[in-house]
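For reference, the structure discussed in these notes is given below.
The values are calculated or read from the model by the stated rules, or taken from the named source; none is laboratory data. The model shown is predicted, which means the values in this text are computed figures rather than measured ones. Methodologically, a virtual Cβ is constructed for each residue, glycine included, from the backbone with ideal geometry; neighbour enumeration extends over all protein chains shown. Just so you know, the surface numbers come from the protein's heavy atoms only, side chains and all, with ligands and any DNA or RNA stripped out. Shrake-Rupley method; radii C 1.70, N 1.55, O 1.52, S 1.80 Å.
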Amino acid sequence: MKYFYVIFIFSLPFISFSQNLLNTSTWTVGSGSVSGFSQNGSTTENIREYGTNHIGENVILWEAVPDVTSSADGGWNGDYLSVDNTKKYRFSVWIKKTNSNDGHTYFGCQQSQSDTAIHSFSVLNLNNTINTNPYFWAGDLPKLDRWYLLVGFIHGKNSTISVNEGAIYDGITGEFVQNTQRDFKFHTNTNILKHRAYLYWDTNTSDRQYFYNPRMEQVNSNTPSISQLLGLNPDSKLLFAYDGAGNQKQRFYCEFDGCTVETPPAGRASNAKTIVSNEEESKEQNDDVILLEKAISIYPNPTKGVMLLKLDSKSNITLSHSVNIFNSAGILVYEKPSNSKMQIELNISDFSAGAYLVHAHLSNGKSVTKKIIKN
């Protein structure tokens, strides 16, 4: 009996993000300020390094590393950029906080204060009062260890809008979480503005706050949609591996384009490209799956919410990257960094009752998916 592999090819529409006024190409691995972004806090509190964003891409992140002093703890003040005060602008940034909720997250804009006539450059609240220290959001993000897209708006000077349109979106589900605290509008004399995002007042040296892909752009017909900013693949799903007789052998999550599974039952994928491999290779891969599934355990299962995922100490492998949980529809609903541990606690207390799949990445480059039941 021969075994086959099928590669599903998905495509996403081309997205042009060229109208971003911020130039993040200056973000190189290192510390401190770079062109277009002045450090907030000390150089040692502002680190740029490679890491993974909300969809697992390897990108350069701006990392806030607080010291024991309660003050500025990382982030940036962008350069002042020219704006048309009759137009609407959108500000956005991805942020993730880890370890604790000490300190506060800040996301805002800033008018120039270099002129003695400071109010000539101020932005206004939506009720037309002056705001000399404008933040779209200040406080704690909804959850730790999770990427959120924060979005805020500055409306044209003639706008009569009275309702805040800014919002926070979950980087795992793409869903709206809550509104930001305020939008603004331009003062009639405002003509320059900057983007800013900080960690402030955090004295817990184990905390980290990560920033990714800040944007400042005029809202027009070329502005990327929120869905495009989120970048979640609408075709992402749980895929299942089958043998030649149509028996299910393994299930795993396809997060990106071009996932590989064995031949599914007839009619499952009419547009798939088939690649034949030999029977011995497929048998060896299947044996590896069985050994890995025996090496990892999750208990209690069923659970009321808190579980322990643990690897057999004899397996010589550790958890790597993250542990993800998917619902029965194949949607990613929970993600937790695993930090090369042998075990990790998972808490799904706020989930609805039902069946879920836990997908664990391992240090040997493989992964295992196990079914759990939430009571």
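Results, tabulated for the structure shown:
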| quantity | calculated |
| --- | --- |
| Residues of segment 9-22 that turn out to be open to solvent by 60 Å² or more (accessible area, probe 1.4 Å) and either at pLDDT 95 or above or not in a loop (DSSP other than H, G, I, E, B) (or both), as a count | 1 |
| Scan of segment 333-375 for residues that are charged (D, E, K, R) and either within 24 Å of Glu175 (Cα to Cα) or surrounded by 13 or more Cβ atoms within 10 Å (Cβ to Cβ) (or both), ordered by number | Glu335, Lys336, Lys341, Asp350, Lys366, Lys370, Lys374 |
| Residue match in segment 45-66 (condition: open to solvent by 10 Å² or more (accessible area, probe 1.4 Å), farther than 29 Å from Tyr334 by Cα and among the aliphatic types (A, V, I, L, M)) | no |
| Count of residues meeting criterion [open to solvent by 20 Å² or more (accessible area, probe 1.4 Å), farther than 10 Å from Gln343 by Cβ and of a type in the set (Ser, Thr, Tyr)] in segment 296-312 | 1 |
| Output for segment 85-99, where each listed residue is surrounded by fewer than 19 Cβ atoms within 10 Å (Cβ to Cβ) and closer than 11 Å to Glu217 by Cα | Lys87 |
